[in-house]
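K.L.:
What follows is a structure written as structure tokens; I'll ask about it next.
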Amino acid sequence: MSPTQTLASSKDESSFDDPRFELVDRALKRNHYHQDALIEVLYAAQESFGYLNKDLLTYIAQKLKLSLSWVYGVAGFYHYFSLEAQGEHSCVVCTGTACYVKRVEEIVTKLENEFGIKFGETTPDGKLNLQTVRCPGNCGNAPIVILDGEVWGRETPESTIERVRALVANSGGKTDE
Ligand code: FES
């Protein structure tokens with residue numbers, strides 16, 4: 001099966017097609033794009049992506065009509081926010097209602113057992129970070145797993161494990177350089 005959607009990881013506008021922006025957009029709309037909502041929007045972004053990259057901060061700065069340097073400053077001030085990816089590869093599993101009904105918990109358990117870490121953590125070799133997200137808006141293909149920005153739908157524990165194993169096998173992991 002091919003990914004239901006291919007996500008851009010480059011720093012151009014196309015990366016804003018990433019469905020994980022859905023949560024960020026909801027936080028923006030809920031707060032009527034008010035600048036005072038910056039922290040809440042950053043929380044939503046961190047929850048959705050696992051960290052705050054430049055694309056994301058640029059997007060938020062534009063939507064709230066704030067300077068990028070200000071948004072960077074706020075994100076950098078709070079320890080909760082991370083400005084760098086936590087692992088070489090990211091596996092984000094949707095735990096929203098539709099995915100829950102389609103037994104995403106089995107995928108979560110299988111991933112934790114296979115890689116020996118909990119969601120929110122990174123393997124000691126730095127190769128894989130596991131995160132959850134609540135409904136990036138692809139419920140029709142539940143359960144959803146996002147691997148390095150690629151969205152995979154109608155996943156099973158077996159198909160996800162196979163994909164993640166392949167990702168990790170093709171990575172270099174931490175070096176001592
Ligand atoms: S609940 Fe998982 S994509 Fe909507």
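K.L.:
Return the pairs, sorted by first residue and then second, in which the second residue is modelled with pLDDT under 90 and not in a helix (DSSP H, G or I), the first residue lies in segment 66-82 and is under 16 Å from residue 28 (Cβ atoms), the beta carbons are less than 8 Å apart, and the residues are 6+ apart or on different chains.
P.N.:
75/81; 75/83
K.L.:
Among the residues of segment 162-172, is there at least one that is in contact with a Phe, Trp or Tyr (Cβ under 6 Å, 6 or more places away or on another chain), within 27 Å of residue 43 (Cβ to Cβ) and at pLDDT 90 or above?
P.N.:
No, segment 162-172 contains no residue that is in contact with a Phe, Trp or Tyr (Cβ under 6 Å, 6 or more places away or on another chain), within 27 Å of residue 43 (Cβ to Cβ) and at pLDDT 90 or above.
K.L.:
Restricting attention to segment 60-96, which residues are under 20 Å from residue 150 (Cα atoms) and surrounded by 13 or more Cβ atoms within 10 Å (Cβ to Cβ)?
P.N.:
Those that are under 20 Å from residue 150 (Cα atoms) and surrounded by 13 or more Cβ atoms within 10 Å (Cβ to Cβ): 85, 86, 87, 88, 89, 90, 91, 92, 93, 94, 95, 96.
K.L.:
Now, a different point. Quick one: what pairs do we get from segment 134-145, first residue within 20 Å of residue 109 (Cα to Cα), second within 6 Å of the ligand (Cβ to nearest atom) and in a loop (DSSP other than H, G, I, E, B), C-beta under 6 Å, 6+ apart or different chains?
P.N.:
Taking only residues 6 or more apart or on different chains, the pairs are 134/96; 135/96; 144/138.
K.L.:
Quick one: which residue in 83, 66 is modelled with pLDDT of 95 or more and in a loop (DSSP other than H, G, I, E, B)?
P.N.:
Among 83, 66, only 66 is modelled with pLDDT of 95 or more and in a loop (DSSP other than H, G, I, E, B).
K.L.:
Only residues that are more than 11 Å from the ligand (Cβ to nearest atom) and either surrounded by 21 or more Cβ atoms within 10 Å (Cβ to Cβ) or not charged (D, E, K, R) (or both): list them for segment 121-156, please.
P.N.:
Scanning segment 121-156 gives 122, 123, 124, 126, 128, 129, 130, 131, 147, 149, 152, 156.
K.L.:
For segment 97-120, does any single residue satisfy the condition of being away from the ligand (no atom under 12 Å from the Cβ), surrounded by 15 or more Cβ atoms within 10 Å (Cβ to Cβ) and without any contact (Cβ under 8 Å) to a residue 24 or more places away in the chain?
P.N.:
Looking through segment 97-120, at least one residue is away from the ligand (no atom under 12 Å from the Cβ), surrounded by 15 or more Cβ atoms within 10 Å (Cβ to Cβ) and without any contact (Cβ under 8 Å) to a residue 24 or more places away in the chain.
K.L.:
Could you tell me whether residue 93 is within 13 Å of the chain's Cα centre (by Cα), within 16 Å of the ligand (Cβ to nearest atom) and either assigned to a strand (DSSP E or B) or outside the structural domain of residue 20 (by TED's automatic domain parsing) (or both)?
P.N.:
Yes.
The values are calculated or read from the model by the stated rules, or taken from the named source; none is laboratory data. Remember, predicted model here, so these are calculated numbers, not experimental data. Here the Cβ is made from the backbone with ideal geometry for all residues, glycine too, and neighbour counts use every protein chain on show.
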